[in-house]
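Data block below; observations after.
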Amino acid sequence: MTKQPHILLIYTGGTIGMVKDADSGALKAFDFNSLLVKIPELRLLDCTIDTISFEEPIDSSNMNPKYWGDIATIIGDNYSKFDGFVVLHGSDTMSYSASALSFMLENLAKPVIFTGSQLPIGDLRTDAKENLITSIQMASLQIEGVPVIREVGLYFEYKLYRGNRTTKLNAEHFEAFESLNYPHLAESGVHLKVNYKQLWEPTPNSELILRTAMDTNIGVLKLFPGISRPLCEAILTSKLIKGLIIETYGAGNATSEPWFISLLKAAIANGLHVINVTQCAGGSVNMGQYETSSQLKLIGVISGKDITTEAAVAKLMYLLGENVAKNKFKTIFETSLRGEMS
Ligand code: ASP
């Protein structure tokens, strides 16, 4: 008889485990053990499950790099004992966390599946049960004892996505996430259908390395028509940041007004890493396609290509945390490290 996969369920918080406060009616996190009582079906799954919970579960709006480090450390400490990991997490910042963990877990060769829900587990119409049960099944998938998913995934509403390719697109629909620049890794219908060709292939025989030093001295600037010079000046001359993600229009276009370009040029000359990410939900930055992005290319702006802002934030914190040399930073950022860009 083959050994049943052994799965570690890590509960960080989020709607999935929340209850309504009797007085205020607001949703707040509750004790994890009660969550398991609410899903007796878990015992019917073809795997064994252990659980571990944040001491104080959080709404994911309070997520930060220290908590990311805690999740990475839990996975690192338990890596050899388990075949797969399911992280229960609020949906609001789940794409940021899945992206961050993809960088923190170098040489990951086991499944780490993030999931959560739009309605609490106790709600009659909850989406939590399907999300949780199928995530555990995805994490348990093996071929001849080798896990099928060997990367950080995000499972929500019948689809498994590459975590660092996702964005939360809807605050109400059960189908809250999408990965517009990368195909789904798997779909759950009558059968679990895995898109084998799209799965990440880890480097063989490499040990898991935890990379938890995230540098948070970064910024995100979303362009809009009429953005003022003083605002751009304040950000681009700030000594408080080492990296700045600019959310540009369309295929990476920005105003070509001379003051904007010279501010950017001076900032880059002063050592600021500036990354161009499109504010469109899908598609790629292509500097040089239009005149309004040619200057950006010439002055050394880094292309985020088709990366999401969420993954760009995580990658920027990660590369700064790893103290990547200034002269290599652009090339490394423009290289796909965990399948986060094409
Ligand atoms: N505010 C909640 C959170 O992100 C929403 C959710 O769980 O989906 O923690």
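The values are calculated or read from the model by the stated rules, or taken from the named source; none is laboratory data. This one's a predicted model, so the numbers in the text were calculated from it and none came from an experiment. Cβ: placed from backbone, ideal geometry, glycine included. Neighbour counts: every protein chain shown. Just the protein is used for accessible areas: all its heavy atoms, side chains included, with ligands, DNA and RNA removed. Shrake-Rupley method; radii C 1.70, N 1.55, O 1.52, S 1.80 Å.
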Taking a probe of 1.4 Å and leaving out DNA, RNA and ligands, the range 33-180 shows per residue an accessible area in Å² of 39
So which of LYS197/LYS315; LYS265/LYS305; LYS110/LYS239 end up more than 30 Å apart, counting from Cα to Cα?
LYS110/LYS239
When only the heavy atoms of the protein chains count and the probe is 1.4 Å, how do TRP259, TRP68 rank by accessible area, highest first?
TRP259, TRP68
Run the 1.4 Å probe and let me know the accessible area of TYR196, rounded to the nearest 10 Å².
130
Over the chain, what is the mean sequence separation of C-alpha contacts under 8 Å (at least six apart), divided by residue count, expressed as relative contact order in percent?
15
Sorting THR278, THR331 by accessible area (1.4 Å probe), largest first, what list results?
THR331, THR278
Counting only DSSP beta bridges with both partners in the range 235-342, the antiparallel fraction in percent, to the nearest 5, comes to 10
Cβ-derived FRET efficiency at R0 51 Å, ALA269 paired with GLU55, nearest 0.05
0.65
Relative contact order (%) - the range 137-241, alpha-carbon pairs under 8 angstrom, separation at least six
17
Compute the distance in nm between two label points, each set 7 Å from the Cα along the Cα-to-Cβ direction, one at GLU207 and one at GLN4.
3.2
Mind checking which of MET214, GLN137, PHE85 is farthest towards the positive end of the chain's charge dipole, using Cβ charges of +1 (Lys, Arg) and -1 (Asp, Glu) about the Cα centre?
MET214
Once the dipole of the chain is set up with Lys and Arg at +1 and Asp and Glu at -1 on Cβ about the Cα centre, which of SER228, ILE261, SER60 lies farthest towards its positive end?
ILE261
Sequence of ILE52, ILE268, ILE58 from largest to smallest accessible area, 1.4 Å probe:
ILE52, ILE268, ILE58
Give, in nm to one decimal, the length gained when the segment between GLU144 and LYS326 is fully stretched (0.36 nm per residue of separation minus the Cα-Cα distance).
61.1 nm
Quarter of the Cα convex hull surface for the range 237-280, i.e. its orientation-mean projected area (nm²):
3.1
Here the FRET efficiency for LEU240 versus VAL190, based on Cβ atoms and R0 = 45 Å and rounded to 0.05, is 0.25
Per the 1/(1 + (r/R0)^6) rule, R0 = 22 Å and r from the Cβ atoms of ALA281 and LEU221, FRET efficiency to 0.05 is 0.75
For the chain, with all protein chains present and a 1.4 Å probe, just round the carbon and sulfur fraction of the accessible area to a whole percent.
52
Which residue fluctuates most in the GNM of the chain (Cα springs below 10 Å): ASP83, ASP59, ASP50?
ASP50
Points 7 angstrom from Cα along the Cβ direction at ALA171 and LYS28: gap in nanometres?
2.2
Computed over all unlike Cα pairs, the Kirkwood hydrodynamic radius of the chain in Å stands at 20.9
Placing each pseudo-label 7 Å from Cα in the direction of the beta carbon, THR48 and GLN289 end up separated by a distance in nanometres of 5.2
Run the reach check for LYS28 against aspartates and glutamates, Cα to Cα strictly under 20 Å, same-chain hits fewer than 8 apart removed. What comes back?
GLU55, GLU56, ASP59, ASP92, ASP123, ASP127, GLU172
